[in-house]
Amino acid sequence: MSGPRCPQCAQPCASPRLLPCLHSLCEPCLRRLGPPGAARPVLCPVCDAELSLPAGGVGQLPPDCLAGSRGRAATGCDLCADGAVAGRCLTCGLRLCRFCCRAHRRQKKTSSHAVTELENTKDCSQAGKPLLCPSHPTEELQLFCEQCDQPVCRDCVLGRHRQHPCDFTGNVIHRHGDALRELLKSSQQHMDTLEDVLSQVDEMGGAVRSRAEAVATEICLFARGYMKAIEEHRDRLLKQLEDLKVQKENLLHLQKAQLQQLLLDMRTGVEFTEHLLMSGSDVEILISKGVVSSRLTKLNSVAYSTHPSVDDRIQFSPHERAGQCCGYEVFGAILNKVVDPARCTLHGEDLHSARQNQLSGFTLLCKDSTGERMGRGGEAVRVTITHKDKRDCAVKPTVCDNGDGTYCISYSPEEPGLYAVCVCVKGQHVQGSPFTLMVKHKFRKHQGVFHCCTFCSSGGQKAARCACGGTMPGGYQGCGHGHKGHPGCHHWSCCGQVKESSECLCGPPSDTSQRSLLRTVAL
């Protein structure tokens with residue numbers, strides 16, 4: 001007899017029971033999952049879901065009725081074992097095919113039995129033997145306990161379910177079946193949604209793969225183009241290097257040829273002169289003196305460099321931007337210019353003077369050994385500004401690389417006085433460094449009313465004060481108008497300034513008062 005097999009042991013199911021995940025196992029396999037009431041969850045061998053077994057053990061799991069009915073349906077008719085089940089004897093519980101149903105009614109012993117015809121799949125699934133109560137094996141489960149939510153038999157209703165509301169299964173199946181159908185409908189909707197999402201996931205997976213392939217093609221094209229650009233840039237750099245080498249070699253060859261020719265001429269003149277002085281007579285020396293002197297003088301006046309006309313300063317800067325090549329930005333440039341600190345110069349109005357607490361600055365221009373502007377940045381520039389009288393007083397400057405060979409140095413001194421400024425490139429002082437910087441007191445702008453003289457502005461009050469709070473200084477020189485005994489006209493003198501163009505309120509000053517205006521009076 002064939003029937004459903006246990007997914008764990010692959011043997012025909014013996015008393016299969018349902019797990020919470022709706023998969024069924026045979027009872028022996030269920031016992032091997034774990035002891036009754038185990039605290040730790042067990043895994044379903046079919047779906048690997050975590051499950052908790054009932055406290056009463058696997059016997060408390062509901063039986064898999066469908067698996068049992070599938071097993072019974074596979075055996076066919078209980079009498080002939082050949083025909084398909086088409087009815088059931090309600091008296092003896094046998095499943096019968098159509099032929100055996102008619103024979104069952106004709107036989108004398110069973111002619112009084114009630115045989116029911118099964119018309120649909122559901123009736124066929126119920127054509128098996130009745131489900132018996134596990135507590136009362138001789139009683140069929142025909143009632144349903146609402147309080148315990150489980151099928152019971154008549155003995156159960158008379159026993160521990162006596163006070164519970166119970167009804168026949170046929171009366172409650174509609175209500176409970178409708179609830180299951182609603183849950184089924186909701187689950188089916190979720191299934192449709194999940195299938196749609198899975199379809200979208202599959203489509204997105206295909207789109208991701210297609211897009212990845214397209215991007216991979218783009219990357220390969222980019223890499224090939226970039227490598228081609230790099231190779232072309234490499235060839236260009238090598239050609240540039242070769243041209244630079246040939247140029248330097250040609251200059252050296254030219255210098256060498258000129259020096260060799262000059263040396264040959266010098267040697268010829270020296271040898272001729274030495275021979276003349278050693279072997280020639282006095283008359284011969286005097287005869288040749290003019291031409292020899294002229295030749296040696298001319299050779300000695302020839303200007304020549306005591307150093308090679310070029311140097312070996314050829315550098316490669318891999319981080320230098322080199323523009324575009326085949327549409328790609330490339331890096332790396334040959335640098336044959338090297339900064340010469342002794343040629344670097346400083347420029348700016350605030351180079352030697354500044355004011356207290358005011359932002360000032362100057363510019364550093366970097367040049368190479370030939371005096372040409374570098375045209376690029378990146379040099380190591382260090383600037384220090386230290387007070388000459390207060391060694392612990394230093395100004396922290398800011399150096400801004402403009403990227404074109406110039407550097408802006410800005411600073412804001414907090415203390416007045418003399419400062420020593422050092423500007424170094426690659427650890428060496430530039431031209432004019434170190435130098436002295438004079439920081440003056442902060443200019444204080446006068447606010448308010450300015451008294452031209454105590455007498456004219458305040459009615460002769462000697463204790464009059466200017467708007468800045470200072471008293472009017474000065475002696476009793478007069479303003480040249482016959483005012484005897486009042487302070488002189490020291491305009492703005494309380495602020496340390498003199499304004500010659502101002503006039504006394506009583507008219508133009510005399511020569512004496514004009515001279516007094518030129519005297520600066522401190523606060």
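The values are calculated or read from the model by the stated rules, or taken from the named source; none is laboratory data. Every value quoted in this text rests on a predicted model; they were computed, and no experiment measured them. Here the Cβ positions follow ideal geometry from the backbone for every residue, glycine too, while neighbour counts run over all protein chains shown. For the accessible areas, the whole protein counts, side chains as well, though only heavy atoms, and no ligand, DNA or RNA atoms are used. Shrake-Rupley method; radii C 1.70, N 1.55, O 1.52, S 1.80 Å.
Some observations on this one:
- Strands (runs of 3 or more DSSP E) lying entirely in the stretch 322-383 (those with 3 or more residues that are over 12 Å from V423 (Cα atoms)): 328-335, 353-355
- Residue selected from the stretch 372-418 under the condition surrounded by fewer than 18 Cβ atoms within 10 Å (Cβ to Cβ) and among the hydrophobic types (A, V, I, L, M, F, W, C), by the criterion nearest to V338 (Cα to Cα): A380
- Count of the stretch 390-417 residues which are assigned to a strand (DSSP E or B), modelled with pLDDT under 90 and of a type outside the set (G, A, S): 1
- Residue tally, condition of a type outside the set (A, V, I, L, M) and in a loop (DSSP other than H, G, I, E, B), over the stretch 266-320: 12
- In this structure, D192 qualifies as assigned to a helix (DSSP H, G or I) and open to solvent by 70 Å² or more (accessible area, probe 1.4 Å).
- If you go through the stretch 340-361 and keep only what is open to solvent by 50 Å² or more (accessible area, probe 1.4 Å), in contact (Cβ under 8 Å) with a residue 60 or more places away in the chain and closer than 24 Å to G427 by Cα, you end up with A342, R343, H352.
- Pairs with Cβ under 6 Å, 6+ apart, first in the stretch 310-335 and on the phi > 0 side of the Ramachandran plot, second exposed (fewer than 12 other Cβ atoms within 10 Å of the Cβ) and in a strand (DSSP E or B): G332/P318
- Test: residue in the stretch 152-172 that is free of Cβ contacts under 8 Å to residues at least 12 places away in the same chain, part of a helix (DSSP H, G or I) and hydroxyl-bearing (S, T, Y): no
- Meets criteria (more than 38 Å from the chain's Cα centre (by Cα) and under 30 Å from L237 (Cα atoms)) for R343: yes
- Selected residue (criterion: most open to solvent (accessible area, probe 1.4 Å)) from residues of the stretch 11-27 that are in contact with a Pro (Cβ under 8 Å, 6 or more places away or on another chain) and without any contact (Cβ under 8 Å) to a residue 24 or more places away in the chain: A14
- Restricting the stretch 315-339 to residues that are at pLDDT below 85, over 29 Å from the mean Cα position of the chain (by Cα) and open to solvent by 30 Å² or more (accessible area, probe 1.4 Å), the residue that is nearest to V425 (Cα to Cα): K337
- In the stretch 255-267, residue nearest to D311 (Cα to Cα) [restricted to those that are open to solvent by 80 Å² or more (accessible area, probe 1.4 Å) and free of Cβ contacts under 8 Å to residues at least 24 places away in the same chain]: K256
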